1. Taking the conditions exactly as written (surrounded by 14 or more Cβ atoms within 10 Å (Cβ to Cβ) and in contact (Cβ under 8 Å) with a residue 40 or more places away in the chain), does Pro76 satisfy them or not?
2. Please work out if Lys108 is in contact (Cβ under 8 Å) with a residue 40 or more places away in the chain and part of a strand (DSSP E or B).
3. (1) open to solvent by less than 90 Å² (accessible area, probe 1.4 Å); (2) at pLDDT 80 or above: which one isn't true of Cys21, the others all being true?
4. Does Leu123 fit the bill of being surrounded by 11 or more Cβ atoms within 10 Å (Cβ to Cβ), within 30 Å of Val80 (Cα to Cα) and among the hydrophobic types (A, V, I, L, M, F, W, C)?
5. Going by the conditions given, is Ile146 among the hydrophobic types (A, V, I, L, M, F, W, C), farther than 30 Å from Glu52 by Cα and in a loop (DSSP other than H, G, I, E, B)?
Amino acid sequence: MPAGAGRHGLPQGRRLCWLLCAFTLKLCQAEAPVQEEKLSVSTSNLPCWLVEEFVVSEECSPCSSFQAKTTPECGPTGYVEKITCSSSKRNEFKSCRSALMEQRLFWKFEGAVVCVALIFACLVIMRQRQLDRKALEKVRKQIESI
């Protein structure tokens, strides 16, 4: 087994790298936008904002606890905006992404990147010291053999 290899055959650094990548992905995981499927369904079942022009009557705001339980649009992001469709004059809610939420996600991502950079910087320093010790030991053995 090569030096530095773990019990399962992966070098320690590689296992640590996979662990850090998985942790970073879990930490920075944002809600992926839901892709709209193009189905041949009557337009009466679709929200009006998908098939016609609309005007935002209330800006994007966090859902109240009541809205979170009763309005399905609050589910994906936790934020909702009230819209009025132009031709049908229907009032509906639409899920939205707020600037505050985007800012939080950005700083979480930045924090994760800095943490990962610091961890890998420490790993590089440790590996360099290990290689320096091996080189010094090799030189010492060569000097002793003279």
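1. Values: surrounded by 14 or more Cβ atoms within 10 Å (Cβ to Cβ): yes; in contact (Cβ under 8 Å) with a residue 40 or more places away in the chain: yes.
Answer is yes for this residue.
2. Details: in contact (Cβ under 8 Å) with a residue 40 or more places away in the chain: yes; part of a strand (DSSP E or B): no.
No, not satisfied.
3. Result: Cys21 passes all but (2).
4. Details: surrounded by 11 or more Cβ atoms within 10 Å (Cβ to Cβ): yes; within 30 Å of Val80 (Cα to Cα): no; among the hydrophobic types (A, V, I, L, M, F, W, C): yes.
It is false that Leu123 is surrounded by 11 or more Cβ atoms within 10 Å (Cβ to Cβ), within 30 Å of Val80 (Cα to Cα) and among the hydrophobic types (A, V, I, L, M, F, W, C).
5. On the way: among the hydrophobic types (A, V, I, L, M, F, W, C): yes; farther than 30 Å from Glu52 by Cα: yes; in a loop (DSSP other than H, G, I, E, B): yes.
So Ile146 passes the test.
Residues checked against (1) open to solvent by 70 Å² or more (accessible area, probe 1.4 Å); (2) more than 30 Å from Trp49 (Cα to Cα); (3) of a type in the set (Lys, Arg); (4) outside the structural domain of Ser61 (by the TED database):
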residue: Asn91; (1), (2), (3), (4): yes, no, no, no
residue: Ile119; (1), (2), (3), (4): no, yes, no, yes
residue: Arg127; (1), (2), (3), (4): yes, yes, yes, yes
residue: Arg133; (1), (2), (3), (4): yes, yes, yes, yes
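The values are calculated or read from the model by the stated rules, or taken from the named source; none is laboratory data. Just so it is clear, the model here is predicted, and its values are computed rather than measured. Note: ideal-geometry Cβ built from the backbone for every residue, glycine included; neighbour counts use all protein chains shown. Side chains included, ligands, DNA and RNA excluded: accessible areas come from the protein's heavy atoms. Shrake-Rupley method; radii C 1.70, N 1.55, O 1.52, S 1.80 Å.
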